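Reading through the structure tokens given below for one structure.
Since every read-out is calculated from the coordinates, none of them should be taken as a lab result. None of the values given here were measured: they were computed from a predicted structure. Using ideal geometry, Cβ is built from the backbone for each residue, glycine included, and neighbour counts are taken over all protein chains shown.
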Amino acid sequence: MDNIRISRRTLLATGASALAGGWLSAGCSGTLLPQQALAREFSRDRISPLPENGTTNPEDENYQRLLRGRFEDWRLPISGLVAQPTAMSLDDLKRFPARTQITQHTCEEGWSAIAEWTGVQLSRVIEAVGIKPAARYIVFHTVDGWWDSLDMSDALHPQTILTYGMNGRELPVPHGAPIRLRVERQLGYKSLKFLKTMTITDRLDNVEDGTGAVGVADGYSWYSGI
């Protein structure tokens with residue numbers, strides 16, 4: 001694969017199956033596909049305060065119940081074009097090998113901050129449930145009513161993680177507990193907080209309003225690479 005140049009357009013045209021098969025068969029070791037550059041990572045002394053923006057404590061009744069129970073009953077349903085639909089608990093996600101990365105969160109409002117994130121690579125979760133050949137996108141819905149999606153290029157990126165830890169501690173509620181998506185190669189609004197569901201699909205035009213993300217109608221780009 002080292003001599004093959006795979007663009008985002010090629011990936012979406014050909015599907016995820018062959019690409020994911022080759023990448024995942026390497027054991028999610030962090031081998032990069034061409035054009036999958038890593039976001040810069042920093043030392044711990046560069047960590048800076050990260051503002052608590054957006055929803056900081058969802059009023060959703062079920063979320064508040066789960067919060068009182070320290071998320072022991074929380075589950076992340078994973079469905080769609082997968083061989084093994086499932087609902088993973090926080091403990092299930094923590095059983096995967098963990099990845100810790102110190103990266104810069106860049107907000108579309110013009111500010112940035114550096115934080116340490118710990119979680120499981122999304123690629124490992126995809127491997128566990130087994131994506132089907134037609135899979136093209138992963139759609140995420142959140143407790144506070146947001147939704148967004150990733151193509152498989154970003155989903156399989158080694159720095160795309162389902163985060164449960166921040167700065168050496170459990171992920172705080174204002175930053176998306178129990179699980180926050182981190183997409184390090186895109187602007188901060190793609191790193192959704194308070195994940196509720198995850199669906200693998202072959203198309204986006206039949207999901208919600210068909211734009212690929214809740215923010216598109218308000219002028220946010222579906223793809224916001226940095």
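Pick out, from segment 32-114, the strands (runs of 3 or more DSSP E) lying fully within it that include 3 or more residues that are buried (at least 17 other Cβ atoms within 10 Å of the Cβ). Quick ask: steps written out before the conclusion?
Values: elements: 75-80, 86-89, 99-106.
By residue number, 75-80, 99-106.
Please go through segment 124-135 and pick out each residue that is buried (at least 21 other Cβ atoms within 10 Å of the Cβ) and within 15 Å of the chain's Cα centre (by Cα).
Val125, Ile126
Among the residues of segment 163-179, is any hydroxyl-bearing (Ser, Thr, Tyr) and touching a residue at least 40 places away in the same chain (Cβ under 8 Å)?
yes
Might you let me know whether segment 202-210 holds any residue that is within 14 Å of the chain's Cα centre (by Cα) and either more than 25 Å from Pro133 (Cα to Cα) or touching a residue at least 12 places away in the same chain (Cβ under 8 Å) (or both)?
Among the residues of segment 202-210, not one is within 14 Å of the chain's Cα centre (by Cα) and either more than 25 Å from Pro133 (Cα to Cα) or touching a residue at least 12 places away in the same chain (Cβ under 8 Å) (or both), which makes the answer no.
So how many residues does segment 56-99 have that are touching a His at 6+ places or on another chain (Cβ under 9 Å) and among the charged types (D, E, K, R)?
Qualifying residue count, segment 56-99: 0.
Name the one entry in Asp202, Asp209 that is in contact with a Lys or Arg (Cβ under 6 Å, 6 or more places away or on another chain) and acidic (Asp, Glu).
Just a single option satisfies the conditions, and that option is Asp202.
Can you tell which of Asp144, Asp151 is in contact with an Asp or Glu (Cβ under 9 Å, 6 or more places away or on another chain), under 23 Å from Asp218 (Cβ atoms), in contact (Cβ under 8 Å) with a residue 40 or more places away in the chain and of a type in the set (Asp, Glu)?
Testing whether each residue is in contact with an Asp or Glu (Cβ under 9 Å, 6 or more places away or on another chain), under 23 Å from Asp218 (Cβ atoms), in contact (Cβ under 8 Å) with a residue 40 or more places away in the chain and of a type in the set (Asp, Glu) leaves just Asp144.
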